[in-house]
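Pasting a structure below so you can have a look.
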Ligand code: SF4
Ligand code: SF4
Ligand code: SF4
Ligand code: SF4
Ligand code: FES
């Protein structure tokens, strides 16, 4: 098909593409706000309207599919005027609180405001009096910023967000009958910065406030070391592990360790546990994603027994760090995470050890970006630091935890080795949604899930026939933690793909690949006496109704 | 001659105000295999329009006949009669007694916009009665993604007339306001507004203006502009010019629209709100009004917002003079 945009022929156009998609590919600017690759086209903001020859009205580029011979004009004085008006109207319902916003810097609304000479305060804020809510102290929702695009309703995996009538208007409100699982997907899908994680961004200095003599120990999650590059304008998919380590040292970290080293513990314990299971215990379900665990505890308590009792990597490593420290009470452990839900996880009392909470603070990738900016760290000129010893030498397999499929892959490869003494050579375990292999004559059937609505379908099937799989990996977020709720904005399909690419590159660069070959890990592992206390946890049924506070 | 051909020859246009050729919808549907649905839209949400009510009161058997003829000709699997709440009370029993085919009666959502065809589909599916993106058009993917034919009550009435060779090119006009004979009249379908007023003996002796096409979606015309046909909803409301206040009218229309729209798109949700706010606080910023009207007319999501823009535009122009 051929179409024309602004007089220029574009000939590689495929059926089903929208005008906006074609224009993006061709680097032709059309402003857009409400469209996002993860949600269905709603066409509500109306800033993307363009002229299509032969049509009386302007059409939304995000919602209009191309046809052969279509002629599109993206800019004319009337279109500019309409975009300006619609933007001014959007600002009239959006209370700007830029200091404290996940979109700062890089806000599209503000960019378009400049581009279209918008008077941001042409009207009084309609939502001036709208409330600021907190979901369980973990996710904050400032409804006075909402521009009613409804993206959050669609991405919320548990339908915790709803539309409710208020006078003649509808507005987004949290459900009074459900729980939030703190996945943070609402945060990186809201074009107006209405959501943020607890602590964003007033809390970024908290980890350093414990007093002079505290030893401040950072640990970095796998999926954070690629995405941090986006905070500083580097190419998508760039691995910035070294710069991130150096930056953290500059802002005051005494030690910087690798969460993936903790993942080796998780891998080892999960593999052992799996091999001990009887048929009745199956399938084993992974536990690394706290949103997923909360989802089961709140909505499907019957399945609690199926979740592995092994703790997630940063929790294990946090506890190990304190356990092996000369002065555990003096150590502050801070995890850099792509995740909002990890902020919730560290508050779980079940995880306390004799040294208290294994992890004291969680900072999202966004927060670390802000921390560096506030401290005037010139990220691009930082040198390539290296992890401190002894918790720095992770295996390649454990880096893969950051992308969907990685947790299960590591655990099963390790189990296979423990059982047979050989490596599992099949590469497909990484990529397939469902996969099976033979282990000493036994067939192991696996499944990976990312997205909780998929989990609901699976539970329905399992209620009928519990014997479908041996091992299931669950991640709340699309693509796994590379698409986590603590990742930079924007997060979309293309960006997730590039993060995945970077993560694979990082995993390959590791000297040892399989966990069983990681000698450093074995050394530390053997030093830990009370493995039960440090590596295992429990789960309990939780209220399926959220605690909502007004801030 | 078969019915599809007859409809084509009669050049029947939809009577809901959209004036879409009935024949074309039918052709699209007849090309489809598999499940097909039909909806008779009795939402009649326009203030001051009561043609459907009049027809259902006086000749409901023709409407039902029209529906049942279509069910047969187009091989429809399931049919729905969508009615606003008060009509449901009035006509449900009567209609059920007339049905010989299986037709389910559904209650309309309360919002005004819920009468628009994709909103009707949403509402019958059990969702909020708000519009969907077109395309796909209902004839491609309507109810539960199956091809769906949707006509309003009067269209089915006309279909019945055509099927039974009784059609004489007439339609129903609804006359109201400052007139002697407020009523529904069956007249030639292409009359000008002036002729309609004359033929129904309603032509005012005083200086007047009219609203053509319904109380919310109707355009305002001065008495010099009435040599046009009613090419939206056939409804004419007459106002005494001396007593007419354009700004008050804008105020009341924007208030109704604010309550009647679906709040989905920016110009309609926020724009109408801001016009209403401006008028309520007593100032009149013509530039602002014009800007918002342009955004409404040319960039709204659904016909409601676009029509709202045109209506407000017609009032703004009357006020200018
Ligand atoms: S989205 Fe955030 S950064 Fe952008 S204008 Fe609104 S408050 Fe400011
Ligand atoms: S909160 Fe954000 S994502 Fe949700 S409807 Fe409002 S603007 Fe859209
Ligand atoms: S954090 Fe997740 S579960 Fe909670 S409201 Fe946001 S999207 Fe929904
Ligand atoms: S998938 Fe990863 S980022 Fe998302 S909630 Fe789970 S652990 Fe956090
Ligand atoms: S981006 Fe197209 S309508 Fe919002």
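The values are calculated or read from the model by the stated rules, or taken from the named source; none is laboratory data. It should be emphasised that the depicted structure is a prediction, and the values quoted were computed from it without experimental measurement. Note that each Cβ is placed from the backbone with ideal geometry, even for glycine, and that neighbours are counted across all protein chains shown.
Checking residue A:89 against (1) touching a helix residue (DSSP H, G or I) at 6+ places or on another chain (Cβ under 6 Å); (2) away from ligand 5 (no atom under 16 Å from the Cβ), only one condition comes out false. Which one?
Unmet for residue A:89, out of (1) touching a helix residue (DSSP H, G or I) at 6+ places or on another chain (Cβ under 6 Å); (2) away from ligand 5 (no atom under 16 Å from the Cβ): (2).
If you don't mind, there's one more thing I want to ask. How many residues, within region A:134-151, are in contact with a helix residue (DSSP H, G or I) (Cβ under 6 Å, 6 or more places away or on another chain) and within 16 Å of ligand 5 (Cβ to nearest atom)? Show your work before the answer.
Here is the first cut: in region A:134-151, the ones in contact with a helix residue (DSSP H, G or I) (Cβ under 6 Å, 6 or more places away or on another chain) are A:138, A:147, A:151.
Now restrict to residues that are within 16 Å of ligand 5 (Cβ to nearest atom): A:147, A:151.
So the count comes out to 2.
Let me ask you something else. Which condition number in (1) closer than 22 Å to residue B:321 by Cβ; (2) part of a loop (DSSP other than H, G, I, E, B) is the one that residue B:221 fails?
All conditions pass for residue B:221, except number (2).
So, one more: Return the only residue of A:237, A:203, A:199, A:247 being assigned to a loop (DSSP other than H, G, I, E, B) and under 21 Å from residue A:359 (Cα atoms). Outline the logic, then answer.
Values: A:237 fails: under 21 Å from residue A:359 (Cα atoms); A:203 fails: assigned to a loop (DSSP other than H, G, I, E, B); A:247 fails: assigned to a loop (DSSP other than H, G, I, E, B).
Sole residue among the options that is assigned to a loop (DSSP other than H, G, I, E, B) and under 21 Å from residue A:359 (Cα atoms): A:199.
Right, here's the next one. Can residue A:200 be described as within 16 Å of ligand 1 (Cβ to nearest atom), at pLDDT below 95 and closer than 22 Å to residue A:547 by Cβ? Outline the logic, then answer.
On the way: within 16 Å of ligand 1 (Cβ to nearest atom): yes; at pLDDT below 95: yes; closer than 22 Å to residue A:547 by Cβ: yes.
So residue A:200 passes the test.
Inside region B:256-300, can you point out the residues that are part of a loop (DSSP other than H, G, I, E, B) and touching a strand residue (DSSP E or B) at 6+ places or on another chain (Cβ under 6 Å)?
If we filter region B:256-300 for residues that are part of a loop (DSSP other than H, G, I, E, B), which is where we start, we get B:261-265, B:281-285, B:300.
Result: B:263, single match.
Output the residues belonging to region B:113-136 that are touching a helix residue (DSSP H, G or I) at 6+ places or on another chain (Cβ under 7 Å) and within 11 Å of another protein chain (Cβ to nearest Cβ).
Selection gives B:128, B:130, B:131, B:132, B:134.
Residues being in a helix (DSSP H, G or I), closer than 22 Å to residue B:64 by Cα and modelled with pLDDT of 85 or more: count how many of those fall in region B:103-122.
3
Matching residues to (1) crowded, with 16+ Cβ neighbours inside 10 Å; (2) in a helix (DSSP H, G or I); (3) over 15 Å from the mean Cα position of the chain (by Cα):
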position: A:455; (1), (2), (3): yes, yes, yes
position: A:467; (1), (2), (3): no, no, yes
position: A:478; (1), (2), (3): yes, no, no
position: A:489; (1), (2), (3): yes, no, no
position: A:504; (1), (2), (3): yes, yes, yes
position: A:522; (1), (2), (3): no, yes, yes
position: A:525; (1), (2), (3): yes, yes, yes
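Taking into account only those residues within region B:226-243 that are surrounded by 17 or more Cβ atoms within 10 Å (Cβ to Cβ) and in a loop (DSSP other than H, G, I, E, B), which is farthest from the chain's Cα centre (by Cα)?
Selected residue: B:226.
Table: residues versus (1) more than 13 Å from ligand 5 (Cβ to nearest atom); (2) in a helix (DSSP H, G or I).
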{"residue": "A:12", "(1), (2)": "yes, no"}
{"residue": "A:28", "(1), (2)": "yes, no"}
{"residue": "A:34", "(1), (2)": "no, no"}
{"residue": "A:37", "(1), (2)": "no, no"}
{"residue": "A:43", "(1), (2)": "no, no"}
{"residue": "A:69", "(1), (2)": "yes, no"}
{"residue": "A:72", "(1), (2)": "yes, no"}
{"residue": "A:83", "(1), (2)": "no, yes"}
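Determine whether residue B:34 is on the phi > 0 side of the Ramachandran plot, touching a residue at least 60 places away in the same chain (Cβ under 8 Å) and not in a helix (DSSP H, G or I).
yes
Can you tell me which of A:52, A:72, A:158 is over 30 Å from residue A:234 (Cβ atoms), away from chain B (no Cβ under 14 Å), surrounded by 19 or more Cβ atoms within 10 Å (Cβ to Cβ) and touching a strand residue (DSSP E or B) at 6+ places or on another chain (Cβ under 6 Å)? Show your work before the answer.
On the way: A:52 fails: away from chain B (no Cβ under 14 Å); A:158 fails: touching a strand residue (DSSP E or B) at 6+ places or on another chain (Cβ under 6 Å).
After applying the criteria, what remains is A:72.
To continue, here is another question. Tell me yes or no: at least one residue of region A:88-95 is more than 16 Å from ligand 1 (Cβ to nearest atom), modelled with pLDDT of 95 or more, within 30 Å of residue A:171 (Cα to Cα) and within 11 Å of another protein chain (Cβ to nearest Cβ).
no
Have a look at B:70, B:63 and point out the one that is surrounded by 21 or more Cβ atoms within 10 Å (Cβ to Cβ), in contact (Cβ under 8 Å) with a residue 12 or more places away in the chain and over 26 Å from residue B:174 (Cα atoms).
Working: B:63 fails: over 26 Å from residue B:174 (Cα atoms).
On inspection, the qualifying residue turns out to be B:70.
Additional query: For region A:435-453, which positions are part of a loop (DSSP other than H, G, I, E, B) and surrounded by 12 or more Cβ atoms within 10 Å (Cβ to Cβ)?
Step one: list which residues in region A:435-453 are part of a loop (DSSP other than H, G, I, E, B), which gives A:440-441, A:451.
Scanning region A:435-453 gives a single hit, A:451.
Out of region B:301-312, which residues are at pLDDT 90 or above and either assigned to a loop (DSSP other than H, G, I, E, B) or within 7 Å of another protein chain (Cβ to nearest Cβ) (or both)? Spell out the reasoning first.
Step one: of region B:301-312, the residues at pLDDT 90 or above are B:301, B:305-312.
B:301, B:306, listed by residue number.
Separate question: Suppose we keep only residues that are within 12 Å of chain B (Cβ to nearest Cβ) and on the phi > 0 side of the Ramachandran plot within region A:123-155. Which one would you say is surrounded by the most Cβ atoms within 10 Å (Cβ to Cβ)?
A:148
Given the conditions (1) without any contact (Cβ under 8 Å) to a residue 40 or more places away in the chain; (2) more than 14 Å from chain B (Cβ to nearest Cβ), report the number of the one that residue A:35 does not fulfil.
(2)
Take the residues in region B:263-289 that are more than 7 Å from every other protein chain (Cβ to nearest Cβ) and within 22 Å of the chain's Cα centre (by Cα), then tell me which one is nearest to residue A:49 (Cα to Cα).
Filtering first and then ranking leaves B:268.
Quick check on this structure: which one of A:45, A:62 is at the interface with chain B (Cβ under 8 Å from one of its Cβ atoms), in contact with a helix residue (DSSP H, G or I) (Cβ under 6 Å, 6 or more places away or on another chain) and buried (at least 17 other Cβ atoms within 10 Å of the Cβ)? Step through it out loud before you land on a result.
Working: A:62 fails: at the interface with chain B (Cβ under 8 Å from one of its Cβ atoms).
Just one listed residue meets the conditions, A:45.
Quick test for you: out of A:316, A:307, pick the one residue that is touching a residue at least 24 places away in the same chain (Cβ under 8 Å), closer than 24 Å to residue A:226 by Cβ and under 23 Å from the mean Cα position of the chain (by Cα). Break it down stepwise before answering.
Numbers: A:307 fails: closer than 24 Å to residue A:226 by Cβ.
Of A:316, A:307, the one residue that is touching a residue at least 24 places away in the same chain (Cβ under 8 Å), closer than 24 Å to residue A:226 by Cβ and under 23 Å from the mean Cα position of the chain (by Cα) is A:316.
Here is a follow-up. Just to be sure I understand the filter: pairs with C-beta atoms under 9 Å, separated by 6 or more residues or on different chains, first member in region A:5-22 and at positive phi and free of Cβ contacts under 8 Å to residues at least 24 places away in the same chain, second member part of a strand (DSSP E or B) and surrounded by fewer than 16 Cβ atoms within 10 Å (Cβ to Cβ). Which pairs pass?
Pairs that qualify, where the first residue is at positive phi and free of Cβ contacts under 8 Å to residues at least 24 places away in the same chain and the partner is part of a strand (DSSP E or B) and surrounded by fewer than 16 Cβ atoms within 10 Å (Cβ to Cβ), are A:7/A:71; A:7/A:73.
Is one or more of the residues making up region A:100-113 part of a helix (DSSP H, G or I), at pLDDT below 95 and surrounded by fewer than 18 Cβ atoms within 10 Å (Cβ to Cβ)?
The initial filter retains those residues of region A:100-113 that are part of a helix (DSSP H, G or I), namely A:100, A:108-113.
Then drop every residue that is not at pLDDT below 95, which leaves A:100.
Now narrow it down to the ones that are surrounded by fewer than 18 Cβ atoms within 10 Å (Cβ to Cβ): A:100.
Checked against the condition, which is being part of a helix (DSSP H, G or I), at pLDDT below 95 and surrounded by fewer than 18 Cβ atoms within 10 Å (Cβ to Cβ), region A:100-113 yields at least one hit.
Just to be sure, is residue B:260 free of Cβ contacts under 8 Å to residues at least 60 places away in the same chain, within 30 Å of residue B:185 (Cα to Cα), buried (at least 19 other Cβ atoms within 10 Å of the Cβ) and within 13 Å of another protein chain (Cβ to nearest Cβ)? Talk me through it step by step, then tell me what you get.
Working: free of Cβ contacts under 8 Å to residues at least 60 places away in the same chain: no; within 30 Å of residue B:185 (Cα to Cα): yes; buried (at least 19 other Cβ atoms within 10 Å of the Cβ): yes; within 13 Å of another protein chain (Cβ to nearest Cβ): yes.
Answer is no for this residue.
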